[in-house]
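What follows is a short report on a single structure.
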Amino acid sequence: MNINRVSLTLPRELLEKSDKIAKEKMEDRSTVMRELLNLGIREYMLNKSLYLYMERKISLGKASEIANVSVWKFLDVLKDKKMPLHYDLEDIKKEIDNIVNEGYNDNKIAKKRY
């Protein structure tokens, strides 16, 4: 991973909280800040993909791609948040075509889950 140096200005409260986390984890401030930023970006991307999916602007597959999670994980998030699954007639037709053309294989499906 290529790491670049940046400078930013933070409110004292955020800096104090991140220092407290660093102390709890026995890690340096920079490491903790990178971890927290990474968590924030992942959360942002997940929320963005949920929003776009719920607005029917993107497919389930595209939403999971944007969120950088598997389709199965994205389905779990939808379930946890009690959000409906958008699966229309066109999606069902594509699924049937895939099964007819590629054949149904439990092992293949199981591998995609993980």
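What follows is calculated from the coordinates using simple rules that are stated; it is not laboratory data. These numbers were taken from a predicted model, which means no experiment stands behind them. Using ideal geometry, Cβ is built from the backbone for each residue, glycine included, and neighbour counts are taken over all protein chains shown.
Side notes on the structure shown:
- Considering only Val71, Val32, Val100, the Gaussian network model of the chain with Cα springs below 10 Å gives its largest mean-square fluctuation to Val100.
- Max mean-square fluctuation residue, GNM over the chain, Cα-Cα springs under 10 Å, options Ile66, Ile99, Ile58: Ile99
- Pairwise FRET efficiency - Ile92 versus Asn2, Cβ, R0 = 41 Å, nearest 0.05: 0.40
- In terms of surrounding Cβ atoms within a 10 Å radius of their Cβ, Asp19, Asp80 rank from fewest to most as Asp80, Asp19.
- Violating pairs (Cα-Cα greater than 22 angstrom) within the set Lys20/Lys48; Lys62/Lys94; Lys48/Lys81; Lys25/Lys79; Lys17/Lys73: Lys20/Lys48; Lys25/Lys79; Lys17/Lys73
- Cβ crowding within 10 Å ranks Leu52, Leu89 as Leu89, Leu52, fewest other Cβ atoms first.
- Here each label is just a point 7 Å from Cα along the line to Cβ, and for Leu75 and Met26 those points are 4.2 nm apart.
- From the alpha carbon centroid of the stretch 17-37 to that of the stretch 45-80 is 29 Å.
- Ordered by the number of other Cβ atoms lying within 10 Å of each residue's own Cβ, fewest first, Thr9, Thr31 fall into the sequence Thr9, Thr31.
- With R₀ set to 25 Å, the beta-carbon distance separating Met83 from Leu36 gives a calculated FRET efficiency near 0.45.
- Lys, Arg +1 and Asp, Glu -1 on Cβ, resulting dipole of the chain about Cα centre, debye, nearest 20: 240
- Of Glu55, Glu43, Glu90, the residue with the greatest mean-square motion in the GNM of the chain, using alpha carbon springs below 10 Å, is Glu90.
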